[in-house]
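Accompanying notes for the structure given below.
The values are calculated or read from the model by the stated rules, or taken from the named source; none is laboratory data. Predicted model only: the values in this text are computed from it and were never measured. Methodologically, a virtual Cβ is constructed for each residue, glycine included, from the backbone with ideal geometry; neighbour enumeration extends over all protein chains shown. We work out accessible area using only protein heavy atoms, side chains counted, and drop any ligands, DNA or RNA first. Shrake-Rupley method; radii C 1.70, N 1.55, O 1.52, S 1.80 Å.
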Amino acid sequence: MTESEKKQKIRVTNIQRFSLHDGPGIRTTVFLKGCSLRCPWCANPENVRYEIEPWQKSDGTAGLFGRDISLDELYDELLKDRGFYLEGGGVTFSGGEPLLQIEHYLPLLEELKQNHIHLAIETALFVDQKQVEAAIRFFDWWYVDMKLLVPEWCRRLLNGDARQYLDNLTFLTEHGISPTIRIPCVHGYTDTPESLERIAHWIKKLELKQVEIFGIHDLAREKYKSLGREWPMDLSDNEEAVRNVARFLNKSQIQCKMIRI
C-alpha cells in the first residue's frame, strides 16, 4: 500500500478473532458498518446504519457502535493472527454489507492477497454491480444470503431490489464463482411456498451446490435494547420454519446443510 492508501479509513464495529463459522479454518472476521437492507430479523442491528451510534450499556454507562480505522492499522491487527491463517484459515469481511465500502479497502485486500492470506466475504449482494466487480478477483470464498426473491416482498420488507440481487448472483456464477448460499429460516417470510419455490428455482437454475440453512435467534435482543429499539421478531415458530425450509429443499432434490450462526 502507498502511504496515502495506508491512511485511508473504513468504518467497522468489531474485529472478531477465532471465528469458526465464517469460512474454512480459524478466521478473523471484520464487521463493517452499514447495510442497504432492513431485514426485520437482523441479528446485527449495530451494523445496519453507517453512522456511529451511541448505545447504553447494562451498567448505565454509554458506548459507541462503530469506529473508523485506517487500512494500515487494520492490516497490522489482522496479521497478528497470521499463524492461524497459514494453517488453513484466513480473514473474512462481513457486516452489515461489506461490499458497500469495498472501494475504500481494495488496497488492503491487495496487500493481504500478496501475503497469501485466504479471503472470504459474507454478502447479501444488494449493491451496485460495480462493487461486485471490484471485489471479484480478491475473494477466495463467497457466502451469499438468499432471503426473499418475491420482488414485492423484497422491496417492502427488506428495502431491497430482487432483480439487482439476481443480476449480481448471476454475474458471480458467470465469472466462475459458485458461492455458498445461506438461507435464513424465518416463519412467515422465507418459509412460505411462494418464497421457497423461487429460492429452489434459482438454486437449480444457477447450479448452486453449496446450500446452508439456519434458524434465526434472539441473541441480539440486548443489542436492540441498548440501541433503544424493540426486538422485532416472534420466534415461537422458528423451529417449524427450519423444518419447512429443509423439507421443501429436500423434496426439490436440493441438498442443504443445517448450521448455527
From phi via Karplus (6.51, -1.76, 1.60), per-residue ³J(HN,Hα) for region 57-71 in Hz, x at Gly/Pro: 6, 5, 8, x, 7, 9, x, 10, 9, x, 7, 8, 10, 6, 4
Table column - 3J(HN,Hα) (Hz), region 249-256, Karplus curve with 6.51, -1.76, 1.60, x for Gly and Pro: 5, 4, 5, 8, 6, 10, 6, 9
Could you state the principal axis extents of the C-alpha atoms in region 67-120, from the largest down, to the nearest angstrom? 30, 20, 19
In whole angstrom, the spacing between the Cα centers of region 126-145 and region 156-229 equals 15
Which order, highest average first, do 126-134, 37-45, 170-178, 25-33 follow once you tally other Cβ atoms within 10 Å for each residue and take the mean per peptide? 25-33, 37-45, 126-134, 170-178
For Q210, list long-range residues whose amide hydrogen, built 1.01 Å from N in the peptide plane, is under 5 Å from its own amide hydrogen. I181
Kindly flag which residue pairs out of K33/K113; K225/K251; K33/K147 have an alpha-carbon separation exceeding 29 Å in this structure. K225/K251
From the phi angles alone, apply the Karplus equation (6.51, -1.76, 1.60; θ = phi - 60°) to region 98-109 and give each ³J(HN,Hα) in whole Hz, x where the residue is Gly or Pro. x, 6, 5, 9, 3, 4, 7, 10, 4, x, 5, 4
Per the charge dipole of the chain (beta-carbon charges, Lys/Arg positive, Asp/Glu negative, Cα centre), the residue among G63, H187, P151 reaching farthest to the positive end is H187
Of the heavy-atom accessible surface of the chain (probe 1.4 angstrom), what whole percent is carbon and sulfur? 47
